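Student: Handing you this structure, nothing more for now.
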Amino acid sequence: MEKQTAIKKIELRNLRIEDYKELKKSMIEAYPEMEDMYWKEHQISKLLEVFPDGQLVVLADDKVVGSALSIRLDEKDISENHTYEEITGNFTFSTNNPRGNILYGIDVFIHPKYRGLRLGRRLYDQRKELCETLNLKGIMFAGRIPNYGKVADKLTPKQYIEKVRMKELFDPVLAFQLSNDFHVKKVMKGYLEGDAQSMEYAVFMEWNNIYYEPSPKLINTDKSVVRLGLIQWQMRSIPDLDALFDQAEFFIDAVSRYESDFALFPELFTAPLMADYNHLYEADAIRELAKFADPIRKKFQEFAISYNINIITGSMPYLDNGKLYNNGFLCKRDGSSEMYSKIHITPNEIAHWGMSGGDRIKTFDTDCGRIGIAICYDVEFPELPRLMAEQGMQILFVPFLTDTQNGYTRVRHCAQARAIENECYVAIAGCVGNLPKVSNMDIQFAQAAVFTPSDFAFPTNGIKAEATPNTEMTLIVDVDVDLLKELHEHGSVRTLKDRRFDLYEIKKNK
């Protein structure tokens with residue numbers, strides 16, 4: 001590597017035709033082995049005519065020291081076996097498609113004296129930003145592997161690429177592209193005629209724009225910023241179902257006035273209605289409570305429509321063919337509803353109520369993205385939310401009911417762990433207070449909260465917001481699901497992508 005030149009000012013901008021002389025000098029210095037295969041002035045002029053936004057230069061002290069040149073193509077027109085000559089229309093750029101959905105990189109270089117200053121990274125970052133601005137699907141190009149010729153007698157191109165990826169060998173072009181989040185699509189033979197260093201091999205690479213919208217719509221699009229309304233419900237004596245509806249509507253009205261997209265109720269928030277059955281055995285009393293499940297679902301569907309909000313009804317006892325489950329409903333603001341079940345039943349629920357666990361692991365599509373729901377104890381089993389994450393879950397809702405701080409601590413810390421390991425948001429909401437006239441309910445301890453992944457775009461402690469402990473209240477929280485997309489692709493660590501599928505996997509049995 002040549003000795004770096006001291007510089008005072010760096011500028012990144014679009015290429016202009018008056019830059020050509022300096023551009024030519026830098027090209028010749030960057031590609032001494034390519035003899036006279038630099039871009040001619042009429043070719044640069046044509047590029048600026050067909051796609052001016054795609055031509056970038058970096059200047060050091062007002063001198064052109066690097067460039068990134070691109071054309072715009074449609075993905076369906078890019079053959080996986082194309083050559084450099086074909087993709088550029090025999091270097092005329094007649095292949096450029098102003099309506100294409102792919103930014104195709106045809107050249108990028110930095111003057112040798114200015115390497116090591118991360119100027120190439122600036123050019124690549126600007127390409128990505130352009131891709132996002134133009135709503136293109138991604139960036140593609142075929143990159144040279146100039147050090148391959150040194151080991152071609154010992155390694156196949158595939159073996160060479162793997163060794164570069166694992167840092168066992170160094171290739172200045174390929175290593176740089178891999179470090180900039182490009183992934184290998186295939187190896188191409190005969191891509192650039194005369195490229196002796198690469199043995200005329202090239203690596204077809206791609207970067208995906210996670211913000212790409214194939215058919216942008218003006219309405220009914222998934223939202224980027226989603227507002228959550230968490231309800232920390234006070235257990236109190238409630239005389240009948242209508243009184244429970246009145247109290248629930250108060251909270252739904254409150255969070256909807258702040259334009260919340262979701263209202264989350266706690267687990268078994270309907271328990272006050274069991275007071276009328278307290279003279280029965282506990283298992284019989286809760287089965288009486290299960291009779292209210294369908295009327296509650298219907299009423300909450302009405303609330304969802306009238307208040308324009310998606311409601312997660314926490315949970316309530318539910319009878320199905322004589323078996324007792326701990327179920328809840330997702331009542332969407334379009335009027336539809338879906339049911340979910342508690343999968344893991346606590347020893348207490350089995351011993352006192354004879355509850356059974358559900359057998360369906362699912363996620364739910366909403367107008368705010370895909371969500372998962374895990375009732376209380378379920379969040380303490382990491383496999384369940386992981387399976388939901390593999391189905392594309394972005395927000396996990398956890399309605400819970402805990403009587404002691406010990407129980408709450410289990411739910412809270414497991415919920416926070418699920419947010420980190422599954423790169424998603426987790427919202428938890430529980431009941432507070434006590435029900436002296438309902439057996440097996442005792443007292444409740446809760447602190448509603450929203451947890452985030454742990455990376456630079458999120459709070460350093462992974463806590464987006466939390467309520468006051470043991471106080472009836474609402475918690476209104478905004479979460480940005482686009483930050484999750486960024487995290488999946490560019491996070492400091494990528495816990496979903498970096499799993500060792502060659503060693504282990506998690507799968508549903510049915």
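The values are calculated or read from the model by the stated rules, or taken from the named source; none is laboratory data. This structure is a prediction, so every number in the text was calculated from the model and none was measured. Because the Cβ atoms are built from the backbone with ideal geometry, glycine has one as well, and the counts that use them run over all protein chains shown.
Student: Counting only residues that are at pLDDT 90 or above and not in a loop (DSSP other than H, G, I, E, B), which one in the stretch 483-510 is surrounded by the fewest Cβ atoms within 10 Å (Cβ to Cβ)?
Tutor: Selected residue: Leu483.
Student: Please find, among Lys158, Lys150, Lys189, the residue that is under 28 Å from Leu119 (Cβ atoms) and charged (D, E, K, R).
Tutor: Details: Lys158 fails: under 28 Å from Leu119 (Cβ atoms); Lys189 fails: under 28 Å from Leu119 (Cβ atoms).
Sole residue among the options that is under 28 Å from Leu119 (Cβ atoms) and charged (D, E, K, R): Lys150.
Student: Checking the conditions here, which among Pro453, Pro399 is crowded, with 21+ Cβ neighbours inside 10 Å and either basic (Lys, Arg) or not in a loop (DSSP other than H, G, I, E, B) (or both)?
Tutor: Working: Pro453 fails: either basic (Lys, Arg) or not in a loop (DSSP other than H, G, I, E, B) (or both).
So the residue among Pro453, Pro399 that is crowded, with 21+ Cβ neighbours inside 10 Å and either basic (Lys, Arg) or not in a loop (DSSP other than H, G, I, E, B) (or both) is Pro399.
Student: Output the qualifying pairs, or none if there are none: Cβ atoms under 9 angstrom, residues six or more apart or on different chains, first residue in the stretch 67-78 and farther than 12 Å from Phe109 by Cα, second residue surrounded by 24 or more Cβ atoms within 10 Å (Cβ to Cβ) and among the small types (Gly, Ala, Ser).
Tutor: Pairs that qualify, where the first residue is farther than 12 Å from Phe109 by Cα and the partner is surrounded by 24 or more Cβ atoms within 10 Å (Cβ to Cβ) and among the small types (Gly, Ala, Ser), are Ser70/Gly54; Ile71/Gly54; Arg72/Gly54.
Student: Now for a separate question. Which residues, taken from the stretch 126-150, are exposed (fewer than 14 other Cβ atoms within 10 Å of the Cβ) and in contact (Cβ under 8 Å) with a residue 12 or more places away in the chain?
Tutor: Those that are exposed (fewer than 14 other Cβ atoms within 10 Å of the Cβ) and in contact (Cβ under 8 Å) with a residue 12 or more places away in the chain: Glu132, Asn135.
Student: Moving on to the next point. Considering only the stretch 138-252, give the strands (runs of 3 or more DSSP E) lying wholly within it that have at least 3 residues that are closer than 25 Å to Ala68 by Cβ and either at pLDDT 90 or above or in the same structural domain as Pro32 (by TED's automatic domain parsing) (or both). Show your work before the answer.
Tutor: Details: elements: 138-144, 183-189, 201-208, 225-235.
Per the criteria, 138-144, 183-189, 201-208.
Student: A further question follows. Ala389 versus (1) over 26 Å from Asp320 (Cα atoms); (2) among the aliphatic types (A, V, I, L, M); (3) not in a helix (DSSP H, G or I): which is the lone unmet condition?
Tutor: It fails just one condition, (3).
Student: May I ask you to say which residue of Pro399, Pro453, Pro385 is touching a strand residue (DSSP E or B) at 6+ places or on another chain (Cβ under 7 Å), farther than 22 Å from Arg236 by Cα and assigned by TED's automatic domain parsing to the domain that holds Ile238? Lay out the reasoning, then the answer.
Tutor: Numbers: Pro399 fails: farther than 22 Å from Arg236 by Cα; Pro453 fails: touching a strand residue (DSSP E or B) at 6+ places or on another chain (Cβ under 7 Å).
None of the other options fit; the residue is Pro385.
Student: Working only within the stretch 6-56, note down all residues that are of a type in the set (Lys, Arg) and either outside any loop (DSSP other than H, G, I, E, B) or closer than 21 Å to Arg127 by Cβ (or both).
Tutor: Narrowing the stretch 6-56 to residues of a type in the set (Lys, Arg): 8-9, 13, 16, 21, 24-25, 40, 46.
Selection gives Arg13, Arg16, Lys21, Lys24, Lys25, Lys46.
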